[in-house]
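Since the structure comes first, as C-alpha cells, the remarks are kept for the end.
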Amino acid sequence: MSEKELKTEPEQREDENQKQLKKLKSAEKHVKGYQYFILRLLILLLVLWILFFKVIGLTHMPNGDMSPRIDLGDFVMYYRLDRDAGKQDVVVLEKATPDSAGKRQLYICRVVATAGDTVDFTENGQLVINGTPMIESNIYSLTLPYEGYTTFPLTLGEGECFVLADQRDGGADSRYFGPVQKSEIIGTVITIVRRNNL
C-alpha cells in the first residue's frame with residue numbers, strides 16, 4: 001500500500017489544506033511584491049515630479065541672444081527656487097514685450113544691475129553702472145540702447161533688475177522690454193547641455 005492510501009481521510013484533507021495554504025501564501029507574497037513595486041514606482045514619480053516641476057526646470061535656448069555661451073537649441077537647466085538673482089547670474093524669465101500685446105515670452109539673459117543701481121551707456125557702446133563704465137571681457141559687440149523703448153539713464157526700483165543678452169547687437173533684453181521684476185524671473189541657470197553633444 002502507498003503512503004497516500006495509508007493516510008486516513010481527515011489526514012488527506014489536512015494535506016490538501018496545507019497545499020492550498022502554501023499556494024495562497026505564495027500568491028499573497030507575489031501580490032505584496034507587486035504592491036511594493038508599484039508603491040516604490042509612485043514614490044519615484046512623485047520625487048521626479050517635485051524635482052522637475054517645482055525645483056529644477058529644463059528648457060531650450062529659443063534664440064541666439066546668449067551666443068557664444070549658450071547657443072540656439074542648447075538645453076538649459078535652471079533652479080526654480082532662486083529668484084533673487086545677483087549680478088552676472090544668467091536667468092530664465094517670462095516677460096511681456098512692448099510688441100507682444102501682453103503675451104508673455106521666455107527669455108534667457110544675464111543680470112547686470114539690481115535694485116538701486118543706475119544703468120546708462122556711453123556713446124561708444126559701453127555699459128555704465130552707477131557712473132562707472134563696465135569692463136566686460138566676454139562681450140564682443142557694442143552695447144548701445146535701442147531707440148524708442150527704454151529711456152536712459154535708468155535707476156532701478158525695489159525688486160527690479162536689469163538684464164542684457166550676451167549678444168548685444170539685436171538681443172532682446174531690458175533695453176527693449178525694460179526692467180525685470182523678481183516675480184518675472186522663473187529661475188537661475190545652473191547648467192547647459194550642448195545640443196551637438198546629444
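Computed extension gain for ILE129 through LYS103, at 0.36 nm per residue and net of the alpha carbon distance, reaches 6.4 nm. Taking other C-beta atoms within 10 Å as the exposure proxy, LEU106, LEU44 rank LEU44, LEU106 from fewest upward. Taking N as the residue count of the chain, its C-alpha radius of gyration divided by 2.2 N^0.38 Å amounts to 1.91. Counting neighbouring Cβ atoms within 10 Å and putting the fewest first, the residues ASP71, ASP15, ASP89, ASP65 line up as ASP15, ASP71, ASP89, ASP65.
Sites counted here are chymotrypsin sites (Phe, Trp or Tyr not before Pro) in a DSSP loop (not H, G, I, E or B) having no more than 16 other Cβ atoms within 10 Å; the longest part of the chain that contains none of them is 1-139. When you filter the trypsin sites (Lys or Arg not before Pro) in region 115-198 for DSSP loop state and at most 12 other Cβ atoms inside 10 Å of their Cβ, you are left with ARG194. When LEU144, LEU164 are sorted by how many other C-beta atoms sit within 10 angstrom of their C-beta, beginning with the fewest, the order is LEU144, LEU164. In the chain, Cα pairs under 8 Å separated by at least six residues give a relative contact order of 23 percent. Taking 0.36 nm per residue of sequence separation and removing the Cα-Cα distance, the MET77/GLU94 pair yields an extension gain of 4.6 nm. For region 95-156, the set of trypsin sites (Lys or Arg not before Pro) satisfying both a DSSP loop assignment and a count of at most 13 other C-beta atoms within 10 Å is given as LYS103.
Across the chain, the longest run free of exposed loop sites, meaning GluC sites (Glu not before Pro) lying outside DSSP classes H, G, I, E and B with no more than 16 other Cβ atoms within 10 Å, spans 1-122. Angle of helix 9-50 to the longest C-alpha principal axis of the chain, folded into 0 to 90 degrees and rounded to 10: 0°.
Taking the helices alone, the chain has a mean residue ellipticity at 222 nm of -8500 deg cm²/dmol, built from -39,500 (n - 2.57) per DSSP H run of at least 4 residues and averaged over all its residues.
Every number here is computed from the coordinates shown, using simple stated rules; none is lab data. These numbers were taken from a predicted model, which means no experiment stands behind them. So basically every Cβ, Gly included, is an ideal-geometry build from the backbone, and we count neighbours across all protein chains shown.
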